[in-house]
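Structure first, commentary second.
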Amino acid sequence: MMRVVAGTARGRRLVTPDGRRSESGVRPTTDRVRESIFNALHSRGAVVDARVLDLFAGTGALGLEALSRGAAHATFVEQDPTAVALVETNLEICNFVECSTVVCADGPRWLDLGNSSVAGPWDLVLLDPPYDFKGWSELLDLLVSLVAKDAMVVVESDHEVDSGAQWHVDSHRRAAGTVVTMLRPDNDPG
């Protein structure tokens, strides 16, 4: 059972795929890891009133947690139609339909086509792709021009991700088999 950890939707049970991982690779972030991520984000003032992008949304748990903790709007991008239906159901369960947008598309391709300009620049970006995702360098290069100058980007993977020179690593933590890295754009690369 997954639930919203804190905020206005605290305790609401979220609909998840059968088993830990669906055929499409949806792997919901555990409650404990989400709590750790959002406690760290809250201490940095990165959630309240934020424009959030949950790029590999899966069930939408990360974006929902942001909305529950005071984010102004969240855009959920997920390419698997079954997972998109989960996100939509979870938004209804938590009463966040009005402050969200759901897009069925490949996340990096959607960004590359300039679609994010409608809601950007993003204040908080949540990246939790399937663990076999190989496009980190290209994705982070693309994102740096689409986020606010004081934005926070959360990267969740099973290994350390090289963020490149355009990003400052704000924190890096390992929880069981999950590596969470928080990045900020390097506004002074020189």
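Do the conditions hold for residue 106, that is, is it surrounded by fewer than 18 Cβ atoms within 10 Å (Cβ to Cβ) and either over 18 Å from residue 59 (Cα atoms) or of a type in the set (Gly, Ala, Ser) (or both)? Break it down stepwise before answering.
Values: surrounded by fewer than 18 Cβ atoms within 10 Å (Cβ to Cβ): yes; either over 18 Å from residue 59 (Cα atoms) or of a type in the set (Gly, Ala, Ser) (or both): no.
When the stated conditions are applied, residue 106 does not pass them.
Return a yes/no flag: does region 117-126 have any residue that is within 20 Å of residue 185 (Cα to Cα), of a type in the set (Ser, Thr, Tyr), in contact with a Leu (Cβ under 9 Å, 6 or more places away or on another chain) and surrounded by fewer than 24 Cβ atoms within 10 Å (Cβ to Cβ). Yes: one or more hits.
Only residues that are buried (at least 21 other Cβ atoms within 10 Å of the Cβ), of a type in the set (A, V, I, L, M, F, W, C) and within 18 Å of residue 175 (Cβ to Cβ) were counted in region 34-49, giving 3. Restricting region 1-27 to residues that are of a type in the set (A, V, I, L, M, F, W, C) and not in a loop (DSSP other than H, G, I, E, B), the residue that is modelled with the highest pLDDT is 14.
For residue 75, the conditions (1) of a type in the set (S, T, N, Q); (2) modelled with pLDDT under 95; (3) within 11 Å of the chain's Cα centre (by Cα) are fulfilled apart from (2). Among the residues of region 125-132, are any in contact (Cβ under 8 Å) with a residue 40 or more places away in the chain and more than 15 Å from the chain's Cα centre (by Cα)? Checked region 125-132: at least one residue is in contact (Cβ under 8 Å) with a residue 40 or more places away in the chain and more than 15 Å from the chain's Cα centre (by Cα).
Residues in region 164-178 that are touching a residue at least 24 places away in the same chain (Cβ under 8 Å) and either closer than 22 Å to residue 45 by Cα or part of a strand (DSSP E or B) (or both): 166, 167, 170, 171, 173, 175, 178.
Being in contact with a Phe, Trp or Tyr (Cβ under 6 Å, 6 or more places away or on another chain), in contact (Cβ under 8 Å) with a residue 12 or more places away in the chain and buried (at least 24 other Cβ atoms within 10 Å of the Cβ) narrows it down to one residue among 87, 52; which is it? Spell out how you get there, then give the answer.
Numbers: 52 fails: in contact with a Phe, Trp or Tyr (Cβ under 6 Å, 6 or more places away or on another chain).
Residue meeting the stated conditions: 87.
Within region 142-157, the set of residues being assigned to a strand (DSSP E or B) and buried (at least 20 other Cβ atoms within 10 Å of the Cβ) comprises 147, 151, 152, 153, 154, 155, 156.
The values are calculated or read from the model by the stated rules, or taken from the named source; none is laboratory data. All values derive from a computational prediction rather than experimental measurement. Note that we place each Cβ from the backbone using ideal geometry, even for glycine, and neighbour counts take in every protein chain shown.
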